[in-house]
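**Q** Dropping a structure here in structure tokens format, bear with me for questions.
What follows draws every value from the coordinates through simple rules; no lab data is involved. As the structure is a prediction and not an experimental result, all values here were calculated from the model. So basically every Cβ, Gly included, is an ideal-geometry build from the backbone, and we count neighbours across all protein chains shown.
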Amino acid sequence: MAVKEEAELYSPLKQFFEARGYEVKGEVKHCDLVAVRPGEDEMLIVEMKKTFNLALLLQGVERLRVSEHVFLAVERNRKKSGAHNQRFGELTELCRMLGLGLITVTFYKTKSPFIEVLCEPGELPRGLRRKTRQARLLNEFRERSGDYNTGGIRSKQLMTAYREKALRCAYALQAEGSAPPRRVAELSGCSKAASILQKDYYGWFERVERGVYRLRPAGLLALDQYAELIRVWHTKLTDPVPENP
């Protein structure tokens, strides 16, 4: 059940923190909710919005100037599948990185709201860097012979390291007419030529007999389409290595 106003989050959050032993008051010096345990000076601040957005995030960061214990609270609407504010795993990690807590409130028609604390203020991020992904990204960067894509473009077909290798294999086959994978690997400098020819991911290659491949028409079209890339690669391949002085 979607809420109409963010103020509807206040009552269930107030009850939640009161059950934790806090005294709770609303709209204190522009803070949506402030909670303090009796006899203590350390306060807890909660900023609320119907959905997670940049304004809420900036509000939370600003409140960190006042208290180390700041929560962001949003409604968890089960019907908004695919909405950016439902990517709570990523949003939780973002809050952890900023030192913020994150709470979701789910409303129901026939029962009390359900409150879930996704992370506490000051909670350490979980796995900031994933070594496997980092290695794949670095490998993709190193395997590309040049910068053939414009950053930010999504609709255009991207030039990947794999596509480059397939083009090099296609170029080798065009020169030979037909050849076994070992010969293609030798001419293209691509150690994975056999796998590329066998999988034929782009539909460029066909097997004419056991262990022998040739180009399909689609492969010839690809070589024509990416002629400049092939020229750059071939130039790098044939340029003499400068001698050390």
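**Q** So for segment 33-177: antiparallel DSSP bridges make up what percent, rounded to the nearest 5?
**A** 45
**Q** Using DSSP to call loops (not H, G, I, E or B), can you name the chymotrypsin sites (Phe, Trp or Tyr not before Pro) in segment 106-202 whose Cβ has at most 10 other Cβ atoms within 10 angstrom?
**A** Y108
**Q** Using the C-alpha atoms of segment 6-119, what convex hull volume per residue, in cubic angstrom, is computed?
**A** Roughly 96 Å³ of hull volume per residue.
**Q** Stretch R142-F88 to full length: gain in nm at 0.36 nm per residue minus the Cα-Cα span?
**A** Working it through step by step, the gained length comes to 16.1 nm.
**Q** Charges only on Cβ, +1 for Lys and Arg, -1 for Asp and Glu: so what's the dipole of the chain about the Cα centre, in debye to the nearest 20?
**A** Dipole magnitude for the chain comes out near 1080 debye.
**Q** Further question: Identify, among H69, F107, L58, the residue whose Cα sits farthest towards the positive end of the charge dipole of segment 6-119, taking +1 on the Cβ of Lys and Arg and -1 on the Cβ of Asp and Glu, with the dipole about the Cα centre.
**A** F107
**Q** Still on this structure, I have one more. Need one number: nm distance between label points at V117 and Y162, each 7 Å from Cα along Cα→Cβ, rounded to one decimal.
**A** 4.4
**Q** On to the next question. Quick one: of K199/K236; K131/K236; K4/K111; K156/K236; K14/K111; K49/K131, which pairs are farther than 24 Å apart, Cα to Cα?
**A** Cα-Cα > 24 Å for K199/K236; K131/K236; K156/K236; K49/K131; rest within.
**Q** Oh, and also: Just need the relative contact order of the chain here, percent rounded to a whole number, with Cα pairs under 8 Å and 6+ apart.
**A** For the chain, the relative contact order is 11 percent.
**Q** For a quick check, take a GNM of the chain with Cα springs below 10 Å and name the residue from P125, P217, P12 with the largest mean-square fluctuation.
**A** The residue that fluctuates most here is P217.
**Q** Next question. For the chain, what is the mean residue ellipticity at 222 nm derived from helices alone (per DSSP H run of n ≥ 4: -39500 (n - 2.57); sum divided by total residues; nearest 500 deg cm²/dmol)?
**A** The helix contribution divided over the chain gives -11500 deg cm²/dmol.
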